[in-house]
Amino acid sequence: MKRPSPAAKAKELLRQCDITSAPVPVDSIAKYLGVEIRYARLDDELSGMIFVKDGRPIIGVNALHHPNRQRFTIAHELGHYMLHRELITNSVHVDKQFKVLMRDSNAGTGTQRVEVEANQFAAALLMPEPLVLKAIADHTFDIDDENPLGELAKQFKVSRQTMEYRVRNLG
Ligand SMILES: [Zn+2]
């Protein structure tokens, strides 16, 4: 049996939570899954972490980062929770910068594969394909133009860079 893709997992979760508009309420989704979110002042290079304590999954987010980045961090950690439960059962999974791991071509084995999958999940969760395509259709915008992309990013509460990557990926 084929394992569902990270994007398919995210899509299913959005359906379960009945989310049909942007911005996607990532904290409500965490709550739905019984995952607690804690904000802490961490070193700048640390984005977040996920671990299980007394059977309860907990996501730690860097309180000093921009809210859009915090949303991506939460979505990324939820990806680990949904896709890599074995990874977080007996240890704390800590994430530093994951920007460099966005590219699918980096999806090798082991750690990198896990991080790429979590990013794919996060992208699909925060920027659901149908909602992004609809927003683009409604605004007739050019992805080489910076401002419409900024508008789109604002609408979904993600960084412009993250949205640009998503839009290019969706073709
Ligand atoms: Zn990670």
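The values are calculated or read from the model by the stated rules, or taken from the named source; none is laboratory data. Not measured: the values here are computed from a predicted model. Virtual Cβ from ideal backbone geometry, glycine too; neighbours counted across all protein chains shown. Quick note on the areas: whole protein, heavy atoms, side chains included, nothing else; ligands and nucleic acids left out. Shrake-Rupley method; radii C 1.70, N 1.55, O 1.52, S 1.80 Å.
Just to be sure I understand: with springs between alpha-carbon atoms less than 10 Å apart, which residue in Ala122, Ala40, Ala75 has the highest mean-square fluctuation in the Gaussian network model of the chain?
Between Ala122, Ala40, Ala75, it is Ala40 that shows the largest mean-square fluctuation.
Per DSSP H run of n ≥ 4, the term is -39500 (n - 2.57); total these for the chain, divide by its residue number, and report the mean residue ellipticity at 222 nm rounded to 500 deg cm²/dmol.
-16000 deg cm²/dmol
Rank Gly150, Gly79, Gly34 by mean-square fluctuation in a GNM of the chain with C-alpha springs under 10 angstrom and give only the top-ranked residue.
In this elastic network of the chain, the residue with the biggest mean-square fluctuation among Gly150, Gly79, Gly34 is Gly34.
Place a +1 charge on the Cβ of each Lys and Arg in the chain and a -1 charge on the Cβ of each Asp and Glu, then give the dipole magnitude about the Cα centre in debye, rounded to the nearest 20.
The calculated dipole for the chain is roughly 480 debye.
Scan the stretch 1-103 for trypsin sites (Lys or Arg not before Pro) in coil per DSSP, keeping those whose Cβ has at most 15 other Cβ atoms within 10 Å, and list them by number.
Counting only loop positions with at most 15 other Cβ atoms within 10 Å, the trypsin sites (Lys or Arg not before Pro) in the stretch 1-103 are Lys2, Arg41, Lys96, Arg103.
At q = 0.17 Å⁻¹, what log₁₀ I(q)/I(0) does a Debye calculation on the Cα points of the stretch 6-127 give, no solvent, two decimals?
Log10 I(q)/I(0), no solvent term: -0.81.
Leaving out ligands, DNA and RNA, and with a 1.4 Å probe, what % of the accessible surface on the chain is carbon or sulfur?
Reported share for carbon and sulfur atoms: 50 percent.
In square angstrom, what is the accessible area per residue of the stretch 6-127 with a 1.4 angstrom probe?
Accessible surface, normalised per residue, equals 50 Å².
Among Glu77, Glu86, Glu12, whose mean-square fluctuation peaks in a Gaussian network model of the chain (Cα, cutoff 10 Å)?
Result for the chain, Cα springs under 10 Å: Glu86 fluctuates most.
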